């Protein structure tokens, strides 16, 4: 591959993926498309913006003319779609942006890629499209989709669009679904960075209900390696699941963070549970291991400590997001203000 387009590359997972691919594939040219909505942070890629093989273009995946122009500028070998509204709580308050970006935006990308005959399209999805598990069992790629929130419903709809294009048009689409990610550059409204930053500031951490909801955690670099493996070796039309084989109740994870940061359980503040809160997610990633030769490499304890260390060393990054100052970086670089 010589040129790929990454959409949503200024977000948490997208920025880590771009950095990983530039490191692992020095001759690869990457175009990063991002609308720079609230969770898109141009500062996430400050360390690669001078790389001759990296290019940023501001725009929305819902803007067909813009997407057509970027894809047609040079031969494009693949499009990897990370662009999405992704916070469940926000989708409960207002599902409109989720429908627009996650469904309509995906449809625009599929249409433009099909017209331009892009040879590879990868949709980055989530295990939340499978719904909720009981105390036993795992999500496999054959698990029926049963999303339980406006966010996961919009992601499931996007996955079904990809499937529909593959089967109707012979479109070269693939889908990846992963469990909860953690690691550097994660937007501070998410559980792990929120709890780390709150504890560092001497503030309480909000735990939904009794904290007995279970999530499977994967380090973002292991997820990025999985996306890379799918891009290079995945079979068109297939779905590949990626998980970290680390299931924890939210209260267990909370107490781990409290202990590692030298705090006490007095920091815990129990809050009313989220509406429709899924009980448990757990991924069976045997297919990815067998077909792609992928395995998670980052142990959870080591990865969590590295993540804490990163946030401790980058508290200014967190504070710039909390204050909104991070949005001025685009103006400094490009001479225009974000809406």
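The values are calculated or read from the model by the stated rules, or taken from the named source; none is laboratory data. These numbers come from a predicted model, not from an experiment. FYI the Cβ positions are ideal-geometry reconstructions off the backbone, even for glycines, and counts take in every protein chain you see.
Can you name every residue in region 15-42 that is within 17 Å of the chain's Cα centre (by Cα) and assigned to a helix (DSSP H, G or I)? Listed by number, the residues that qualify are 15, 16, 17, 18, 19, 20, 21, 42.
Within region 120-137, the residues that satisfy the criterion of being out of contact with any helix residue (DSSP H, G or I) (no Cβ under 9 Å at 6 or more places or on another chain) and either in a loop (DSSP other than H, G, I, E, B) or free of Cβ contacts under 8 Å to residues at least 40 places away in the same chain (or both) are 132, 134, 135, 136, 137. For region 200-257, a residue qualifies if it is under 22 Å from the mean Cα position of the chain (by Cα), part of a loop (DSSP other than H, G, I, E, B) and at negative phi, and the qualifying residues are 213, 234, 235, 236, 238, 243, 244, 246. Just one of the listed residues (283, 268) is in contact (Cβ under 8 Å) with a residue 24 or more places away in the chain, surrounded by fewer than 19 Cβ atoms within 10 Å (Cβ to Cβ), in contact with a strand residue (DSSP E or B) (Cβ under 9 Å, 6 or more places away or on another chain) and closer than 23 Å to residue 89 by Cα, namely 268. Could you tell me whether any residue of region 60-77 is within 23 Å of residue 226 (Cα to Cα), part of a loop (DSSP other than H, G, I, E, B) and modelled with pLDDT under 95? Checking region 60-77: not a single residue is within 23 Å of residue 226 (Cα to Cα), part of a loop (DSSP other than H, G, I, E, B) and modelled with pLDDT under 95. Residues that are in a helix (DSSP H, G or I), in contact with a strand residue (DSSP E or B) (Cβ under 6 Å, 6 or more places away or on another chain) and either at pLDDT below 95 or within 24 Å of residue 226 (Cβ to Cβ) (or both) within region 181-199 comprise just one, 192. Screening region 168-180 for residues that are in contact with a strand residue (DSSP E or B) (Cβ under 6 Å, 6 or more places away or on another chain) and farther than 12 Å from residue 122 by Cβ and picking the one that is surrounded by the most Cβ atoms within 10 Å (Cβ to Cβ) gives 178.
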